[in-house]
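J.: Please read through the structure below; I'll follow up with questions.
The values are calculated or read from the model by the stated rules, or taken from the named source; none is laboratory data. A quick note: this is a predicted structure, and the numbers were derived from the prediction, not measured. Heads up, the Cβs are rebuilt from the backbone with ideal geometry, glycines too, and the neighbour counts pull from every protein chain shown. All accessible areas refer to the heavy atoms of the entire protein, side chains included, with ligands and DNA or RNA removed. Shrake-Rupley method; radii C 1.70, N 1.55, O 1.52, S 1.80 Å.
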Amino acid sequence: MGVDNEIKGKLALITGASGGIGAACARDLFAHGTRLALTYSTNKDSLEKLVSELQGQGQDVKISSHQCNVAKEKDLQRLFDEVKQEHGQHPDILIANAGYGKRVSSILDLSLEEWDYTLTVNLRSSFLLTKLAVPHMLAQHWGRVVYITSIAAGGTSINGCHYSASKAGVQGMSKNLASKMGKEGITFNDVAPAMITGTGMIPTEENLRGTPGDVANIPVGRSGSTGECANVVTMLCRTGYMTGQSILLSGGLK
């Protein structure tokens, strides 16, 4: 069996691509020649600016944009229908990035509604996206699935147990699928960032001050960048011998 790690010309679906880590992933994969299907929930203007930026680079690489609330199953099904219509196929690469994490540290302050919604957006949508993406990948015996999780999956978090549970669930699902589908040419991995600034959750290092994620507690002495997260995502897409792994991107923070 030959080794096929070429992603140029492949189609990548990136959820939550209007900013932060999702936009950085779009830029890096585009630089490697991948076609893109990008989603946003409410921030249409930001995604349109990103698409214009990429199209302005002069590469003949198709990009499509799609509105999608990943908490809604009907939106996810419609998304895949639109991608098929726009690109003539379903994605070869799935980057499940769209997420939610309202900062509620104490379980005593955490409502059942907040718990349910967090798991719906972070875990249930990852399951549904994967279920929709896998048939095409199976048919061609090639696929890459990368989930954006968090250091919180291991318990270390400036957020509460709801967020940790949702991300831990994604990690468990990823490892299970990796063991079951490796021989089918599909890899499953997750990137677990910690204290990445330039995102909706952590705009600047100032937002970390006085928390366990304060840069004073990070061995490298700074927060991470969205571009550094995208570097790891692209590496996983280009490395078919790596599967079932959770890559902690934390500057040494445990």
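J.: Can you tell which of LEU138, SER105, GLY22 lies farthest toward the positive end of the dipole of the chain, using +1 and -1 charges on the Cβ of basic and acidic side chains (Lys, Arg; Asp, Glu)?
T.: Of the listed residues, the answer is LEU138.
J.: Right, another one. GLN245's amide H: which non-local residues (gap 5+, or another chain) put their own amide H closer than 5 Å, with H modeled 1.01 Å from N in plane and none for Pro or chain starts?
T.: Result for GLN245 returns ASP190.
J.: What's the extension gain from LYS183 to ALA139 if we count 0.36 nm per residue and subtract their Cα-Cα distance?
T.: Roughly 14.6 nm would be gained on extension.
J.: So, one more: Ignoring ligands, DNA and RNA, what percent of the accessible area of the range 16-80 is carbon or sulfur (1.4 Å)?
T.: Its accessible area is 42 percent carbon and sulfur atoms.
J.: Next up: Could you tell me how many degrees, from 0 to 90 and to the nearest 10, lie between the Cα long axis of helix 226-237 and the main elongation axis, the longest principal axis, of the Cα atoms of the chain?
T.: 50 degrees
J.: When the Karplus curve 6.51 cos²θ - 1.76 cosθ + 1.60 is applied with θ = phi - 60°, which whole-Hz ³J(HN,Hα) does each residue of the range 10-22 get, with x for Gly and Pro?
T.: 6, 9, 10, 9, 10, 8, x, 9, 6, x, x, 5, x
J.: Keeping the other protein chains in place, figure out the carbon and sulfur percent of the accessible area of the range 167-249, with a 1.4 Å probe.
T.: Exposed carbon and sulfur together represent 53 percent of the surface.
J.: Could you calculate the contour length gain from GLU205 to ALA31, that is, 0.36 nm times the residue separation minus the distance between their Cα atoms, to one decimal place in nm?
T.: The GLU205-ALA31 span can extend by a further 59.8 nm.
J.: Let me ask something additional. For LYS8, go through the aspartates and glutamates and keep the ones whose alpha-carbon is under 15 Å away, minus same-chain ones fewer than eight residues off.
T.: ASP28, ASP60, ASP92
J.: Between the range 98-175 and the range 54-79, what is the C-alpha centre distance in whole Å?
T.: If we compute the Cα centre of each part, the gap is 20 Å.
J.: Can you order the peptides 46-59, 14-27 by their average number of other Cβ atoms within 10 Å per residue, highest first?
T.: 14-27, 46-59
J.: Further, regarding this structure: If one takes the longest principal axis of the Cα atoms in the chain, at what angle in degrees, from 0 to 90 and to the nearest 10, does the Cα axis of helix 161-181 lie?
T.: 30 degrees
J.: Can you work out ³J(HN,Hα) from phi for every residue in the range 82-92, in order, using Karplus 6.51 cos²θ - 1.76 cosθ + 1.60 and θ = phi - 60°, giving whole Hz and x for Gly and Pro?
T.: With the stated coefficients, the range 82-92 comes to 5, 4, 4, 5, 6, 10, x, 6, 8, x, 7 Hz.
J.: Per DSSP H run of at least 4 residues, take -39500 (n - 2.57); add these up for the chain, divide by its residues and hand me the 222 nm value, nearest 500 deg cm²/dmol.
T.: So the helix-based figure for the chain works out to -12000 deg cm²/dmol.
J.: Calculate, in nm to one decimal, what THR156 and SER52 gain on full extension: separation in residues at 0.36 nm each, minus their alpha carbon distance.
T.: 33.7 nm
J.: Could you provide, to the nearest whole Å², the per residue accessible area of the chain with probe 1.4 Å?
T.: Normalised by residue count, the accessible surface of the chain is 46 Å².
J.: Taking the radius of gyration and the Kirkwood hydrodynamic radius from Cα positions alone, what is the Rg/Rh ratio for the chain, to two decimal places?
T.: Taking Rg over the Kirkwood Rh, I get 0.95.
J.: So, one more: Could you tell me which of the pairs LYS44/LYS74; LYS10/LYS175; LYS72/LYS175; LYS10/LYS62; LYS10/LYS183 are separated by over 22 angstrom between their Cα atoms in the structure shown?
T.: Going by Cα-Cα distance, LYS10/LYS175; LYS72/LYS175 fall outside the 22 Å limit.
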